[in-house]
1. Using the per-residue mean of other Cβ atoms lying within 10 Å as a proxy for protection, in what order, highest first, do the peptides 274-281, 115-122, 299-306, 243-250 fall?
2. May I ask you to compute the full-extension gain from residue 59 to residue 192, defined as 0.36 nm times their residue separation minus their alpha-carbon distance, rounded to one decimal in nm?
3. When the helices in the chain are scored as -39500 (n - 2.57) per DSSP H run of 4 or longer and the sum is shared across all residues, what 222 nm value do you end up with, to the nearest 500 deg cm²/dmol?
4. I want to verify a result. In a Gaussian network model of the chain, Cα cutoff 10 Å, which of these has the top mean-square fluctuation: 239, 334, 195?
5. Using a 7 Å offset from Cα along Cα-Cβ at residue 74, what residues in region 291-334 end up with backbone N under 20 Å from the label point?
6. Is region 1-45 best put as rounded, prolate or oblate by its Cα gyration tensor, with a ≥ b ≥ c the root eigenvalues, rounded for a/c under 1.5, and otherwise prolate when a/b is larger than b/c, oblate when not?
7. Peptides 1-7, 47-53: what's the order by average Cβ count within 10 Å, highest mean first?
8. Taking square-rooted eigenvalues a ≥ b ≥ c of the alpha carbon gyration tensor, is the chain rounded, prolate or oblate, where a/c under 1.5 means rounded and, failing that, a/b exceeding b/c means prolate?
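Each value in this text was obtained by applying a stated rule to the coordinates, not by laboratory testing. On a predicted model such as this, the values are computed, not experimentally measured, just so you know. Because the Cβ atoms are built from the backbone with ideal geometry, glycine has one as well, and the counts that use them run over all protein chains shown.
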Ligand SMILES: CC(=O)SCCNC(=O)CCNC(=O)[C@H](O)C(C)(C)COP(=O)(O)OP(=O)(O)OC[C@H]1O[C@@H](n2cnc3c(N)ncnc32)[C@H](O)[C@@H]1OP(=O)(O)O
Ligand SMILES: O=C([O-])CC(=O)C(=O)O
């Protein structure tokens, strides 16, 4: 058995026993109270699922197994310029331990070994118009691999419950290994006339993905390591993670569950916001006729967007109440690696201008930037201007977190998820005498 799988099995089995005892002996412990406002307001803040891989704090941001983004950057094995490798984060999320550089290298090799893409993926993608939205191509590409699912095959053969996690682990490892290949194929067919680039297995996961996209720039490789690490997980309640978890709870296999989650990530209030941000900035630049807008010009354009009844993409968050540490990590990266970019300077000016305007509306709970406010400008800097592709990059990263969490869910014996809904008549009856 692979070292990672063995380590996970040891930890997960112990936790499974512990949680069963807790559920049996303390199951009636109250952990939350639900208000009508939460029922009518998108279930914000309701504690209703277990998620081992990360936890979000409204002011401090995400922590992966207890480690903040600066801590992850400092502790995880990194590339030559010091940016953390997502391989290490995956190891951390599954085991709770910071891996050694050798363990991370072995995982890189394991994923290279598993990156065997069934031919039908390419024939399926090639049958679609090249201008089909890249996220649509991405979910279809994932679905085209579903017939390979180890979990589905073994379930049909009578897999016992105690071995679900093992088959889900196999599917998740295969899927993570394959995703950059499918994702790069989509990029090259959509934007580079189908001139595909062979993988280079001497590279780590992020550098190889960058290579297959078309860049061997050392700084861009570093950006990919950082990008794929910081977008990986944001606890369980966000729309993509929750979708993967919900679908996985029916014992749909990881291909089915992950592609469902990617359809959630493709919405403009969630992962698609990264494309919406850069589109909005390009439209602003076009409309103002300058690549270096002043703060006053930006403020006017923000007001115009709000007057048109639209949101300012990249700002606000369902949970966070401070600037997103993932925004800050990208800003630090830009400060270190990018010497002059009008676009990035504009992103920083927007950061100075937008929060007071949103605050002034009196209804926006978080006026600060989220992760999507920065990523596009960095990608443009390295030559990736095709913003409809950006959410695919996000999706490749999100696989690390949601698939690691899926392995945990099956190992811990999490049941079918099925919360309660109510009708408006029920709501009216509740408030009648209040
Ligand atoms: C990876 C990620 O998913 S990060 C989020 C990416 N999404 C975006 O950047 C899109 C822009 N932001 C938004 O639409 C929101 O802030 C969301 C969807 C992220 C969070 O939504 P909520 O939790 O409902 O935010 P909140 O409680 O602050 O909303 C209250 C009001 O402020 C508005 N608001 C929130 N953010 C913004 C914004 N960026 N611009 C304008 N109005 C906003 C809401 O639309 C809502 O208005 P309404 O009462 O008239 O319907
Ligand atoms: O946490 C959320 O709701 C959205 C988000 O930032 C993410 O999923 O990365």
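1. Highest mean packing first, the order is 274-281, 243-250, 299-306, 115-122.
2. My answer for the length gained is 43.7 nm.
3. The per-residue figure over the chain is -19000 deg cm²/dmol.
4. Between 239, 334, 195, it is 195 that shows the largest mean-square fluctuation.
5. From region 291-334, the list is 324-334.
6. Oblate shape, in that a/c is at least 1.5 and b/c is the bigger or equal ratio.
7. By packing density, highest mean first, the sequence is 47-53, 1-7.
8. Note, shape of the chain comes out oblate.
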